[in-house]
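Q: I'd like to ask you about the structure that follows.
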Amino acid sequence: MNLLLKSAKIIAPSNSQLHLKKRDILIRNGKIVQIAASIEADKSVKLIDFKNLHVSAGWFDSSVSFGEPGYEERETIDNGLRTAGKSGFTDIVLNPNTMPVPDSSSDIVFLRNQAKGRATALHPLGTLTVKGQGSDLAELFDMRNSGAVGFYDYKQAISNSNLLKIALLYARNFDGLVHSFPRDNQIAGNGIANEGKIATSLGLKGVPALAEALQVARDLYILEYTGGKLHIPTLSTPQAVQLVQEAKKKGLDVSCSIPIHNLLFTDEKLLEFDSEYKTNPPLRTASDARSLVKAVEKGIIDLVTTDHSPLNIEEKRVEFEQAGYGTIGLETAFGSLQRLFSLETTIELLTRGRDRYGIDKVEIGEGEEAKLTLFDPDREYTFTEEQILSASKNSMFLGEKMKGYVYGVIANGKTELKKKKDGR
């Protein structure tokens with residue numbers, strides 16, 4: 001793979017020598033061999049010269065679901081990774097949201113083998129418990145040795161406090177990262193929307209912020225007792241974020257993430273009774289969203305994620321109460337974040353977090369592996385179904401204004417780029 005990126009503006013806030021500089025970038029055999037103001041291409045080099053081309057280190061997403069094995073009608077690994085690449089992501093952490101769930105080393109090996117040879121690298125999570133049923137610990141150490149980057153019963157709260165205690169103690173022995181979904185089911189009950197005026201007016205059962213905060217408080221007390229590494233995925237309330245902030249001040253090894261849609265949308269969207277806005281955790285209030293954006297800006301929230309969750313049409317085109325939870329979000333991550341943050345902040349958010357999962361850091365420089373995302377930060381457009389690359393089309397972002405268009409990625413000795421006509 002020999003490529004020459006022409007007149008690419010480099011966005012690398014941590015590299016003062018290259019940041020905001022317009023440069024040609026020559027890539028040979030998957031490595032950056034030259035960065036200069038002007039580089040002449042020979043016949044062995046393919047020229048890449050998209051309009052208003054910008055590049056950054058490859059992007060990372062800590063919470064992505066596909067479907068394979070078991071739910072291939074939702075999404076396959078092959079098309080899922082193609083979608084991730086054309087959406088700008090060179091690394092994704094794959095949730096154990098399959099049937100069967102990956103709870104053994106052989107399952108992890110299967111997922112990694114299915115992802116070989118792609119521009120976007122897949123880093124699988126194994127389940128924390130056998131079959132994800134919350135009773136007995138799965139083969140954590142064996143899965144870690146086979147390539148699992150953490151352990152998570154996807155969207156299932158760990159109701160057994162002693163199980164979480166044992167998991168954290170055990171995972172300490174091999175630096176394993178335990179995930180705990182922040183929802184106290186006894187408080188949340190059968191709630192499907194944020195508890196508040198809107199849910200009440202619509203006759204929907206509510207999920208109070210208390211359900212999230214109580215679970216997080218319990219998890220953090222256990223973490224303080226056991227030590228170890230804890231990640232709390234997809235927070236949605238300022239109360240829970242404050243608890244995480246206080247735990248970090250104590251020196252606890254805890255991190256958290258928030259879905260991009262919980263920063264952008266509020267429970268007012270439920271007035272449309274559109275099941276595309278049904279997510280877990282639910283969309284919260286406008287005040288909550290503003291507080292969460294500030295927490296991201298201050299670095300209290302470690303990671304933003306698409307929480308990409310493909311669902312087939314039969315799971316969404318039903319009554320709101322019966323619909324499945326989740327929205328796809330890979331295709332709209334960049335264009336959505338730029339509605340909330342500056343370009344530099346957006347890139348910083350999209351490139352952070354690899355170290356939490358033991359994934360190598362990505363740098364732009366001569367001699368470095370070429371792991372780049374290509375994009376136009378200024379292009380504005382309305383997101384339509386024609387722009388969905390995922391097999392499933394359940395997107396709450398349809399009809400939304402986007403700022404920023406992604407051309408694709410160069411990574412792992414491969415390219416995953418949109419056609420030139422699509423990128424102008």
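The values are calculated or read from the model by the stated rules, or taken from the named source; none is laboratory data. Here the structure is a predicted model, which is why all the values come from computation and not from measurement. All Cβ positions, glycine included, derive from the backbone under ideal geometry; neighbour counts span all protein chains shown. With ligands, DNA and RNA removed, areas are computed over all heavy atoms of the protein, side chains included. Shrake-Rupley method; radii C 1.70, N 1.55, O 1.52, S 1.80 Å.
Q: Just checking, how many residues over segment 232-262 are of a type outside the set (Gly, Ala, Ser) and assigned to a helix (DSSP H, G or I)?
A: 13
Q: Name every residue in segment 190-209 that is over 18 Å from residue 262 (Cβ atoms) and not hydroxyl-bearing (Ser, Thr, Tyr), in order of residue number.
A: Passing the criteria: 190, 197, 202, 203, 205.
Q: So is residue 283 touching a Leu at 6+ places or on another chain (Cβ under 9 Å), under 22 Å from residue 154 (Cβ atoms) and either in a helix (DSSP H, G or I) or at pLDDT 95 or above (or both) or not?
A: Taking the combined requirement at face value, the residue satisfies it.
Q: Examine segment 186-198 for a residue that is closer than 30 Å to residue 287 by Cα, surrounded by 23 or more Cβ atoms within 10 Å (Cβ to Cβ) and in contact with a Cys (Cβ under 9 Å, 6 or more places away or on another chain), and state whether such a residue exists.
A: Looking for residues that are closer than 30 Å to residue 287 by Cα, surrounded by 23 or more Cβ atoms within 10 Å (Cβ to Cβ) and in contact with a Cys (Cβ under 9 Å, 6 or more places away or on another chain), one finds none in segment 186-198, hence no.
Q: May I ask you to list the residues in segment 217-242 that are crowded, with 24+ Cβ neighbours inside 10 Å and over 20 Å from the mean Cα position of the chain (by Cα)?
A: The answer is 219, and nothing else.
Q: Can you say whether residue 362 is among the aliphatic types (A, V, I, L, M), farther than 30 Å from residue 411 by Cα and in contact (Cβ under 8 Å) with a residue 24 or more places away in the chain, as far as the supplied structure shows?
A: Considered against the rule, which asks whether it is among the aliphatic types (A, V, I, L, M), farther than 30 Å from residue 411 by Cα and in contact (Cβ under 8 Å) with a residue 24 or more places away in the chain, residue 362 comes out as no.
Q: Looking only at segment 134-150, how many residues end up being open to solvent by 70 Å² or more (accessible area, probe 1.4 Å), under 24 Å from the mean Cα position of the chain (by Cα) and farther than 13 Å from residue 170 by Cα?
A: Number of matching residues: 1.
Q: Among (1) open to solvent by 10 Å² or more (accessible area, probe 1.4 Å); (2) in contact (Cβ under 8 Å) with a residue 60 or more places away in the chain, there is one condition residue 306 misses while meeting the rest; what is its number?
A: Among (1) open to solvent by 10 Å² or more (accessible area, probe 1.4 Å); (2) in contact (Cβ under 8 Å) with a residue 60 or more places away in the chain, the lone unmet condition for residue 306 is (1).
Q: I would also like to ask the following. Output the residues belonging to segment 114-133 that are closer than 17 Å to residue 67 by Cβ, open to solvent by 10 Å² or more (accessible area, probe 1.4 Å) and among the polar types (S, T, N, Q).
A: 114
Q: Now for a different question. For segment 152-231, please list each of the helices (runs of 4 or more DSSP H) lying entirely inside it that holds at least 3 residues being within 30 Å of residue 357 (Cα to Cα) and touching a residue at least 40 places away in the same chain (Cβ under 8 Å).
A: It comes to 161-172, 209-226.
Q: Scan (1) touching a strand residue (DSSP E or B) at 6+ places or on another chain (Cβ under 6 Å); (2) part of a loop (DSSP other than H, G, I, E, B); (3) open to solvent by less than 30 Å² (accessible area, probe 1.4 Å); (4) among the aliphatic types (A, V, I, L, M) for the single condition residue 41 breaks and write down its number.
A: Result: residue 41 fails condition (3) only.
Q: Take the conditions crowded, with 16+ Cβ neighbours inside 10 Å, within 14 Å of the chain's Cα centre (by Cα) and among the aliphatic types (A, V, I, L, M) and apply them to residue 340. Does it pass?
A: Here the answer is no, as residue 340 does not meet what is asked.
Q: So which of 105, 87 is among the hydroxyl-bearing types (Ser, Thr, Tyr) and touching a helix residue (DSSP H, G or I) at 6+ places or on another chain (Cβ under 6 Å)?
A: 105
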